[in-house]
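Have a look at the structure below, then the notes.
Readers should treat all values here as calculations from the given coordinates under stated rules, not as data from a laboratory. From a predicted model like this one, the values you see are computed outputs, not experimental measurements. We place every Cβ from the backbone using ideal geometry, glycine too, and count neighbours over all the protein chains shown.
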Amino acid sequence: MNRYYFLLAGSLLIAGCSTDSGSSVPAGAAAPMMDQSVPQVARNACLREVARTTNTQQGVILDMLYSEANSQVTIGVGPERARWQCTVSNSGVVANVMSLTDEGKL
C-alpha cells in the first residue's frame, strides 16, 4: 500500500501540482527564487550597481539564487519593476549587470 502512495505523490510532483492556493504567481509563471544563502554584501553590491547603472534608487530584489562561484540577483527597477539581472561574487564584487526587459521599449 505504501508503494501506491509513493507513486501517487511522485506523479503529482512531476505534474507540477501545488497545494498553495493563496499564491500570487500567475499560472504557468515561475515562482521567484529567494535563496537566503546569498550574502547580504552581495545583495547590497547588486542593488548599488543597478542603481548606478539605471540612475535611480527605486530598486527592489525580486529573486536571488546562490552559487559558490557567483550568485545571481534579479532586481525590479522603478514603479514598473523593470527586471535587471546582476551576477556577483559572494564577497560583493559585481561581474555583470544587464537589463532583462525589451531594450527597444526603454
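Roughly how big is the range 40-99's charge dipole about its Cα centre, with Cβ charges of +1 (Lys, Arg) and -1 (Asp, Glu), in debye to the nearest 20?
The dipole magnitude comes to about 140 debye.
Would you mind getting the Kirkwood hydrodynamic radius of the range 40-99 from its Cα pairs, rounded to one decimal in Å? Spell out each step's value before the answer.
Details: mean 1/r = 0.0914 Å⁻¹.
One decimal place: 10.9 Å for the Kirkwood radius.
Which order, highest average first, do 73-79, 94-100 follow once you tally other Cβ atoms within 10 Å for each residue and take the mean per peptide? Don't skip to the answer; put the middle values down first.
Working: 73-79: 18.4, 94-100: 14.1.
So the order, starting with the most tightly packed, is 73-79, 94-100.
Near residue 91, within a Cβ-to-Cβ distance under 13 Å, what is the net charge of the other residues, with Lys and Arg +1 and Asp and Glu -1? The partial results should precede the final answer.
Values: positive: 43; negative: 68.
Taking every Cβ under 13 Å from that of residue 91, the sum is 0.
Counting alpha carbon pairs within less than 8 Å and at least 6 residues apart, what relative contact order, in whole percent, applies to the range 40-99? Write out the running numbers ahead of the final one.
Working: 127 pairs, mean separation 20.1, N = 60.
34 percent.
With each label point set 7 Å from Cα along the Cα-Cβ vector, what nm distance links residue 67 and residue 52?
With each label point 7 Å from Cα toward Cβ, the separation is 2.2 nm.
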